[in-house]
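Engineer: Before anything else, here's the structure in question.
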Amino acid sequence: MTDSQILSLEEIEEIALQALLSAGTSMKNAAPLAKATAETEADGIASHGLAYIPIYCEHVQCGKVDGQADPSVEQPAPAVITVDAKTGFAHAAIEKGFEALIPTARSHGIAALAIMNSYNCGVLGYHTRTLAKEGLLGIGFTNAPASIAPVGARIPVVGTNPFSLAVPDGNGGAEILIDQSASVIAKSEIMKRAREGLTIPSGWALDADGNSTTDPEIALKGSMAPSGGYKGVGIALMVEIFAAAMTGATLGVNASPFSGTKGGPPKTGQFFMAIDPVVTSGGLFQDRISTLISEIRDQPGARLPGDGRSAANKRAQKKGIKVNPATLEKVKAWI
């Protein structure tokens, strides 16, 4: 068996789609998730790509996520959209919410989307980038099962809780894409190392006693190391407030794990804001962004958030994507 197999984005999307459908997911739920999976692989984030499909399929069959859910959308205020994901996949709920969020943001200049009773939304930046492609500044928050302990404590209370900011380039793309978790590394990276029998770098996670560990299995029983110490905890709390408290979703401390079959639906949440930068800046937004970016690009070797994903995506479009054969085999086993 070779070290990797080259697949096109279309092939990855189709394989993911068929696996999800075979597990009992409806087309409306499976299609947006399969598309996001292919894009995630193209962006070079394999830990959130095809490797998650067997987990998604398992969760459909054990009832942790409802593969047949039909999210409901309401608009309780002129610039506020709410979605009840009905314990289904986040991707379908977000897609349905964006159908109302985008035109609302254009008509009001700013709009918010609150999603409750949701599930793992994968790469958050994938969703905010969708808003940037529509010419809107996209901001997103999503909470996760507790894995970060408060400062001075040992018991996790908040999740790795990422936030994302996508800046439109005025040409149907994202000029800047900030997408980072409150932890030093995404928990899925540690899960990936655990599956592959590899160690993790010191500083990524802590054991149950609060000591740094290089054993991913011990790390998964302990807690994630917050990025920047107390600053990372502050970010996690901010995201928790937006994604759970502001949406009415389940707090991370009460949510079931995104991995394994233990517990029922996690019922976590997502919160998005879409802003028309032309309205807020009086038409000066793109000029200011261009100047800001030039100040960075003019320095040899300087990089912007999102550069790595953009470069990886361009390579994937031309040359395809290298997929781990073991991962591919696990996905195909569901078809």
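The values are calculated or read from the model by the stated rules, or taken from the named source; none is laboratory data. Given the structure is predicted, the values throughout are model-derived calculations rather than measurements. For neighbour counting, all protein chains shown are included, and Cβ atoms are generated from backbone atoms with ideal geometry for every residue, glycine included.
Engineer: Taking the residues in the stretch 148-166 that are in contact with a Ser or Thr (Cβ under 6 Å, 6 or more places away or on another chain) and under 22 Å from T87 (Cα atoms) as candidates, determine which candidate is surrounded by the fewest Cβ atoms within 10 Å (Cβ to Cβ).
Structural biologist: P162
Engineer: Let me ask something else. Of the residues D66, D43, D84, which single one is buried (at least 19 other Cβ atoms within 10 Å of the Cβ), touching a residue at least 12 places away in the same chain (Cβ under 8 Å), among the charged types (D, E, K, R) and under 28 Å from T104 (Cα atoms)?
Structural biologist: It is D84.
Engineer: Please verify whether the stretch 250-261 includes one or more residues that are over 17 Å from the mean Cα position of the chain (by Cα), closer than 14 Å to S202 by Cα and of a type in the set (S, T, Y).
Structural biologist: no
Engineer: Output the helices (runs of 4 or more DSSP H) that fall wholly within the stretch 254-332 and possess 1 or more residues being among the basic types (K, R), or say none.
Structural biologist: Where helices (runs of 4 or more DSSP H) fall fully within the stretch 254-332 and carry at least 1 residues being among the basic types (K, R), they are 285-297, 307-319, 325-332.
Engineer: Pick from S147, S118: which is more than 15 Å from G232 (Cα to Cα), in contact with a Lys or Arg (Cβ under 8 Å, 6 or more places away or on another chain) and among the hydroxyl-bearing types (S, T, Y)?
Structural biologist: Result: S118 is the single residue among S147, S118 that is more than 15 Å from G232 (Cα to Cα), in contact with a Lys or Arg (Cβ under 8 Å, 6 or more places away or on another chain) and among the hydroxyl-bearing types (S, T, Y).
Engineer: While we're looking at this one, here's another question. From the set of residues in the stretch 99-119 that are crowded, with 24+ Cβ neighbours inside 10 Å and not aliphatic (A, V, I, L, M), which is farthest from A85 (Cα to Cα)?
Structural biologist: Once the filter is applied, the top-ranked residue is Y119.
Engineer: Please find, within the stretch 125-136, the residue that is nearest to the chain's Cα centre (by Cα) out of those that are outside any loop (DSSP other than H, G, I, E, B) and surrounded by fewer than 24 Cβ atoms within 10 Å (Cβ to Cβ).
Structural biologist: T130
Engineer: Residues I218, I235, I176, I185: which one is surrounded by 15 or more Cβ atoms within 10 Å (Cβ to Cβ) and in a strand (DSSP E or B)?
Structural biologist: Result: I176 is the single residue among I218, I235, I176, I185 that is surrounded by 15 or more Cβ atoms within 10 Å (Cβ to Cβ) and in a strand (DSSP E or B).
Engineer: May I pose another question? Taking the stretch 94-124 on its own, how many of its residues are in a helix (DSSP H, G or I), more than 22 Å from I53 (Cα to Cα) and of a type in the set (A, V, I, L, M, F, W, C)?
Structural biologist: Matching residues across the stretch 94-124 total 5.
Engineer: Restricting to the stretch 20-52, give me the number of residues that are under 25 Å from G97 (Cα atoms) and in a helix (DSSP H, G or I).
Structural biologist: Matching residues across the stretch 20-52 total 21.
Engineer: Shifting gears a bit: Go through the stretch 156-194 and give me each residue that's farther than 30 Å from P277 by Cα, in contact (Cβ under 8 Å) with a residue 40 or more places away in the chain and in contact with an Asp or Glu (Cβ under 9 Å, 6 or more places away or on another chain).
Structural biologist: Passing the criteria: V157, V158, G159.
Engineer: Could I ask something else about it? Could you please tell me which pairs satisfy a Cβ distance under 8 Å, a separation of 6+ or placement on different chains, a first residue in the stretch 24-38 that is farther than 13 Å from E14 by Cβ, and a second residue that is surrounded by fewer than 19 Cβ atoms within 10 Å (Cβ to Cβ)?
Structural biologist: G24/Q61; G24/Q68; T25/Q68; S26/Q68; K28/D70; N29/Q68
Engineer: Has the stretch 72-93 got any residue that is outside any strand (DSSP E or B), more than 26 Å from G260 (Cβ to Cβ) and over 18 Å from the mean Cα position of the chain (by Cα)?
Structural biologist: Taking every residue of the stretch 72-93 in turn, at least one turns out to be outside any strand (DSSP E or B), more than 26 Å from G260 (Cβ to Cβ) and over 18 Å from the mean Cα position of the chain (by Cα).
Engineer: Take the conditions touching a strand residue (DSSP E or B) at 6+ places or on another chain (Cβ under 6 Å) and within 20 Å of F163 (Cβ to Cβ) and apply them to F258. Does it pass?
Structural biologist: no
Engineer: A follow-up question, please. Before we move on, is I200 touching a helix residue (DSSP H, G or I) at 6+ places or on another chain (Cβ under 8 Å), surrounded by 14 or more Cβ atoms within 10 Å (Cβ to Cβ) and either of a type in the set (S, T, N, Q) or in a loop (DSSP other than H, G, I, E, B) (or both)?
Structural biologist: yes
Engineer: Does S47 fit the bill of being modelled with pLDDT under 95, touching a Ser or Thr at 6+ places or on another chain (Cβ under 6 Å) and farther than 14 Å from H91 by Cα?
Structural biologist: In short, yes.
Engineer: Pick out the one residue from L284, L292 that is modelled with pLDDT of 95 or more and either surrounded by 13 or more Cβ atoms within 10 Å (Cβ to Cβ) or farther than 23 Å from G135 by Cα (or both).
Structural biologist: Being modelled with pLDDT of 95 or more and either surrounded by 13 or more Cβ atoms within 10 Å (Cβ to Cβ) or farther than 23 Å from G135 by Cα (or both) holds for just one of L284, L292, which is L292.
Engineer: What is the one condition in (1) under 18 Å from the mean Cα position of the chain (by Cα); (2) closer than 30 Å to A219 by Cβ; (3) in contact (Cβ under 8 Å) with a residue 60 or more places away in the chain that A149 does not satisfy?
Structural biologist: (1)
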